[in-house]
1. Can you tell me how many residues in region 46-70 are over 19 Å from residue 28 (Cα atoms) and buried (at least 21 other Cβ atoms within 10 Å of the Cβ)?
2. Which pairs turn up if I take residues in region 21-38 that are over 21 Å from residue 11 (Cα atoms) and look for partners that are more than 8 Å from the ligand (Cβ to nearest atom) and of a type in the set (A, V, I, L, M, F, W, C) with beta carbon separation below 6 Å, at least 6 apart in sequence or on another chain?
3. Give me the pairs: first residue in region 174-186 and closer than 16 Å to residue 209 by Cα, second residue in a helix (DSSP H, G or I) and of a type in the set (Ser, Thr, Tyr), beta-carbon distance under 9 Å, and six or more apart or on different chains, which are they?
4. From the list 78, 50, exactly one residue is without any contact (Cβ under 8 Å) to a residue 40 or more places away in the chain and within 19 Å of residue 161 (Cβ to Cβ). Which is it?
5. Can you say whether residue 160 is within 10 Å of the ligand (Cβ to nearest atom), part of a helix (DSSP H, G or I) and under 30 Å from residue 190 (Cβ atoms), as far as the supplied structure shows?
6. Could you name every one of the helices (runs of 4 or more DSSP H) located completely within region 1-50 that has at least 2 residues being within 9 Å of the ligand (Cβ to nearest atom) and within 19 Å of residue 92 (Cα to Cα)?
7. If you take the residues in region 71-98 that are within 11 Å of the ligand (Cβ to nearest atom) and of a type in the set (Ser, Thr, Tyr), which one is surrounded by the most Cβ atoms within 10 Å (Cβ to Cβ)?
8. Would you mind stating whether residue 212 is away from the ligand (no atom under 16 Å from the Cβ) and among the basic types (Lys, Arg)?
Amino acid sequence: MLSGRPEHRGPPELFYNDQEARKYTCNSRMIEIQMQMASRAIELLNLPEGQPSFILDVGCGSGLSGEALTEEGHYWAGIDISESMLNIAVEREVEGDLFLSDMGNGMFFKPGTFDGVISVSALQWLCNADKKSHNPAKRLYQFFSTLFASMIRGARAVFQFYPENPAQMELITGQALRAGFAGGVVVDYPNSTKAKKYFLCLFCGEAGAMPKGLGTEEEEEARNTVQYTDARRRHTRKGKERVPMKSRQWILEKKERRRRQGRGETRPDTKYTGRKRRPIF
Ligand SMILES: C[S@@+](CC[C@H](N)C(=O)[O-])C[C@H]1O[C@@H](n2cnc3c(N)ncnc32)[C@H](O)[C@@H]1O
């Protein structure tokens, strides 16, 4: 019986042929899911607010994850092994610079090029040996070590991926740490079979606090007394209702984002949060 996992069906450059690449990119459910996961990966990058960054999208495919970067106002470059996927990205006139390349052969960018790296649904492909010459552990190490060099110090790399089993998760994390990164895996909605998602969050140089997974008890605690609604979980995407700057709602959202991004200590929310102060004189 054929496995349900695409990476078991053949090498990525053959699996994502013209027909599959088109089918993938035209599927509205797929578009929604990939964009959502890309937005969450961008959130976990913890980029400076209000200024564009230069981001690498590894396994960018037809540019769905890259579009989330464009929507957030960032510049990006993408690499992918499938020519068919990249052709569709060109056809769709995505904003990023595209490179046809196998991540297992390593990155070829100048040192310190990227302010951050995202990758959505691609990393697990590296755990397969599609050729006799392929050694997954070596390819992972080659990838992570060259990626590390291409990032600025203090930047993060966030990979949403589908580990097949705990051994695979250990292999991936182990090779990333060997290559010089700090960090680990953040799991969103760990108790939901459908919504559960794995994000490998890597720190280049300075290790920060690990972000909290969504839908976990830790996150629940961090949110403290904040009333939680779906509207406040939405990312800065088109169609988001804007809340007035410096309003109580704006401050609560900002603090919640900081907690989710794992940015150090954030003061607890109280009834005084966002309250206007009287002038001193
Ligand atoms: C499920 S698609 C995701 C594409 C895109 N990130 C998105 O969110 O729509 C996985 C992509 O990873 C790419 N990929 C798999 N193995 C790769 C490798 N060794 N090097 C570069 N890209 C690879 C595939 O070609 C495919 O385009």
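1. Counting residues in region 46-70 that are over 19 Å from residue 28 (Cα atoms) and buried (at least 21 other Cβ atoms within 10 Å of the Cβ) gives 6.
2. Here the result reads 35/68; 38/68, each pair linking region 21-38 to a residue that is more than 8 Å from the ligand (Cβ to nearest atom) and of a type in the set (A, V, I, L, M, F, W, C).
3. Within 9 Å, the pairs are 183/173; 184/173; 185/173.
4. From the options 78, 50, the qualifying one is 78.
5. The answer is no for residue 160.
6. 18-26, 28-45
7. Result: 82.
8. Against the criterion (away from the ligand (no atom under 16 Å from the Cβ) and among the basic types (Lys, Arg)), residue 212 qualifies.
Rule-based calculations on the coordinates, nothing more; no lab input. As the structure is a prediction and not an experimental result, all values here were calculated from the model. As a convention, Cβ positions derive from the backbone with ideal geometry for all residues, glycine included, and neighbour counts pool all protein chains shown.
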